[in-house]
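Trainee: Here you go, one structure.
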Amino acid sequence: MRCTVEQESCGDELGGPMRRLTSALYVDFDNVYIGLAQLDEATAEAFANDPGRLLRHLSQGRDEDGDFERRFLVRDCYLNPHRFARYRAQFVAAGFRVIDCPSLTQRGKSAADTHIVIDVVDALSHVTRYDEFVICSADADFSPLMTKLRRHNRRTLMIAAGNAAPAYQAVCDATMGGMELVTAFSDDDEAQDDLVDTIDRLSVTEDESDRAVAAIRERVAASDGSVPGSSAAAAALREVPHIAASGWAGTGGFGPFVRQLLPELEYRSTDSGGLVLDPSREASTPSQDADTPDEVRSRVARVTKAPLLTSQQYAVLFDGLAQVAKVQPRLGRIGFDVRELTADSIAPVPRTSVNFVVTGLVYAGADPRTVGLDARGLAERWYECVLYRCEQAGLELTDEERGDVQDWILSDLPPAERPQ
């Protein structure tokens, strides 16, 4: 088999070099810095003073075709010189071209978004083909640009340090939120190791793989219906704690692990970690689990990107979050700690779901570390966040549907205590 320069991906199948993408990176500095500062000031300063860490974090990625490396042929940073000139030298030193975008209005609005759109459109017609465009901005005005790139068969990655609109996220091939940036710029070695793309792959023996398979099979057999993927994965992790770090025995993830090693079961992808079920039992005895989200909840989760957890999982999440937030000052560690705290519960919660909720709460002015709310108080603020995201996305809900969403998030939490 012969590989040309344009077919670098075939080398990976032969044990050669990893597939490589030529990428173009566009950073709206003001948008990213201000968004990160709202989330975590230390991360904002780390981003501004050492942008090379962002490049290192993005140097490798993964998509449906497997792992790949990025080569950034374009590194452009758009910066307001009146507010952030002190950070120019750091980006120049990291190999960026810095484009001055001064404020054009009394409210401080610059033309960075316009400059980025023009430069991206120019790059589309360049003699060099860019496989991927990476836009660092939470500004939903880039949605039409991302749609145009998709029509030209280019991969897109949106990095948002702020509260990005669900519709904007939907037109991107991949997204990276503020919490992942917090972890990427963290000096906490454990938090760094918890990033999926930076985990050192460990190996598992055939016996360990068999034990994990048996644990998942037993967990599904003990259920009357479908089992949350996080719960099935937790059963395997209790048997083989390092199986996730092995890339699920080299299969690439929990879903592929189930599909390849448990062919009698079915794995269905969802926004909350997936579901595992036995099709033969599911067909004859559909699950009557009261926690299974109904059509309204599924629609809300699909439009707002809110985690489609069960009511029981939300109760476990907020109970764990209320405990962890009292003792964990590092924002990037909260998701990891809550996941570990809930791993042995009857409704374990994925770290990504915790991070999504925490990010939403922080941007809503309810930082769990400082707001002083108990589990129900945090859940009530999250309910308000979900309603806001529905409004932001243009999803109209009736009073009855709002009540259903409220029950979904709050029903398994104890009622608020009334003052004596």
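Each reported figure results from applying straightforward, stated rules to the coordinates on display, with no laboratory input. Just so you know, these numbers come straight off a predicted model, no measurement behind them. All Cβ positions, glycine included, derive from the backbone under ideal geometry; neighbour counts span all protein chains shown.
Trainee: Given a Förster radius of 30 Å and the C-beta distance between A37 and R238 as r, what FRET efficiency does 1/(1 + (r/R0)^6) yield to the nearest 0.05?
Mentor: Given R0 = 30 Å and the Cβ-Cβ separation, E is 0.15.
Trainee: Would you pull out the residues with amide H under 5 Å of R19's amide H, same chain only if 5 or more places away, H placed 1.01 Å from N?
Mentor: Residues meeting the amide H criterion: D12, E69.
Trainee: Within the range 5-185, what percent of beta bridges assigned by DSSP are antiparallel, to the nearest 5?
Mentor: Around 15 percent of the beta bridges assigned by DSSP in the range 5-185 are antiparallel ones.
Trainee: Expressed in nm to one decimal, what extension gain is obtained for the pair D65 and E218 from 0.36 nm per residue of sequence separation less their Cα-Cα distance?
Mentor: Full-extension gain reported as 52.0 nm.
Trainee: Another one. Determine the gain in length on full extension of the stretch R299-S125; use 0.36 nm per residue of separation and subtract their C-alpha separation, reporting nm with one decimal.
Mentor: Contour length minus the Cα-Cα distance gives 58.8 nm.
Trainee: From the backbone phi of the range 21-33, what are the Karplus-calculated ³J(HN,Hα) couplings (6.51 cos²θ - 1.76 cosθ + 1.60, θ = phi - 60°) in whole Hz, Gly and Pro given as x?
Mentor: Each residue of the range 21-33 in turn: 9, 8, 10, 10, 10, 10, 10, 7, 4, 4, 5, 5, 4 Hz.
Trainee: With each pseudo-label sitting 7 Å past Cα toward Cβ, what's the A170-K326 distance in nm, one decimal?
Mentor: It is 4.1 nm.
Trainee: Convert each backbone phi in the range 299-312 into a coupling constant with the Karplus relation 6.51 cos²θ - 1.76 cosθ + 1.60 (shift: θ = phi - 60°), then list the ³J(HN,Hα) values in order as whole Hz, x for Gly and Pro.
Mentor: Ordered by residue, 3J(HN,Hα) equals 5, 5, 5, 5, 7, 8, 6, 4, x, 8, 7, 6, 4, 5 Hz.
Trainee: Please express the shape of the range 5-185 as an equivalent ellipsoid: the semi-axes are the square roots of 5 times the eigenvalues of the C-alpha gyration tensor, given largest first in whole angstrom.
Mentor: Details: eigenvalues 144, 65, 51 Å².
Semi-axes (√(5λ), whole Å): 27, 18, 16.
Trainee: Next question, about the same structure. How many nm is it between the label spots at V92 and A393, if each spot is 7 Å from the Cα in line with the beta carbon?
Mentor: Taking the two extended label points, one gets 4.4 nm.
Trainee: Efficiency by 1/(1 + (r/R0)^6): what FRET value for T22 and R259, r their Cβ-Cβ distance, R0 = 35 Å, to the nearest 0.05? It would help to have the intermediate numbers written out before the result.
Mentor: Working: r = 32 Å, r/R0 = 0.91.
Step by step, r from the Cβ atoms, then E = 0.65.
Trainee: Let me ask something else. Give the share of C-alpha pairs in each 5 angstrom bin for the range 295-410, from 0 to the last occupied bin, in whole percents, shortest bins first.
Mentor: 2, 13, 24, 25, 19, 11, 5, 1
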